[in-house]
Amino acid sequence: MKKDGQPFHLLELLDTLQDVMVWVKDRNGRYFWVNRAFQINFALDHPAAAGKENQQAILGKTDYELSAEFLADQFRLDDEHVLAGNRILNRIELVGQSAETANWHVTNKIPYRNAKGSIVGTAGITRQLNPSDQDIVLTSGFGPVLAFMRDNYRKPITNPQLAQLANMSVRAFERKFDGSFHLTPQKYLRRLRLGIASRTLIYTSHSLVEVALACGFADQSHFTREFRRFFKRTPRAYREHYVQKMPAAVLGIKNDASRQ
């Protein structure tokens, strides 16, 4: 990828966005370009790098060099999905390096293509949501639906409930949601819950039953089955694998499941 072409002159406009992080990676997951908000956020999460030129601390590095391993593994799964030609659209998730700094964001990731149309990397953008933000996705009409998922993921949520929020019939809602996000409403909700559960396993000492119920799963068995299907590890094995590699100061174990 060349950095002196017109696309990168346009990307520089994104430096003016204060609360929106934007990045471009190559096929190997190395950061090729990040905007100023990304640099500022990186410095906040990595105080030791605050006195350095943040671009130098980030560019050419992979997520495995910049983030906790459990997060880097998730980012790489996303990259592989996008490099295959898929898009991740308007996903609500917790973003942050620790239990103390994570906040709700809406994230989009797309393939980055060269002039010939070949996929040469990935590009992403994420912005923080305000606690009362109902207008998560301005163009899709699903802002109230996603806000409801974000605020009520611990409880059972049905498609008829979501369809009512969207002022649609259930069938029309399911069709339009799938068309907008390339996921069914329930798969979108499941991925939201699994993302929160992965953080809860790392940053809290709650039992597996407590994590399952706090993250909206019917019981521990249901939680374990869905978690293993997505992360290729059981929740217990996931916690054991990643927690032992995390410094105690970073873990910030909390008893409140709502603080990820």
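The values are calculated or read from the model by the stated rules, or taken from the named source; none is laboratory data. Everything numeric in this text was worked out from a predicted model, so none of it was measured. Neighbour counts are summed over all protein chains in view; Cβ atoms, including those assigned to glycine, are modelled from backbone coordinates with ideal geometry.
What the table below lists for this structure:
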| read-out | value |
| --- | --- |
| All positions within the stretch 12-37 that are basic (Lys, Arg) and either in contact with a Lys or Arg (Cβ under 9 Å, 6 or more places away or on another chain) or in contact (Cβ under 8 Å) with a residue 24 or more places away in the chain (or both) | Lys25, Arg27, Arg30 |
| Complete set of residues in the stretch 146-195 that are touching a residue at least 12 places away in the same chain (Cβ under 8 Å) and among the acidic types (Asp, Glu) | Glu174 |
| Members of the stretch 89-120 found to be at pLDDT 90 or above and at positive phi, listed by number | Gly117 |
| Answer residue from the stretch 61-117, given it is of a type in the set (S, T, N, Q) and surrounded by fewer than 17 Cβ atoms within 10 Å (Cβ to Cβ) and is nearest to Arg30 (Cα to Cα) among those | Asn114 |
| Odd one out for Ile125 among (1) surrounded by 17 or more Cβ atoms within 10 Å (Cβ to Cβ); (2) closer than 19 Å to Arg199 by Cα | (2) |
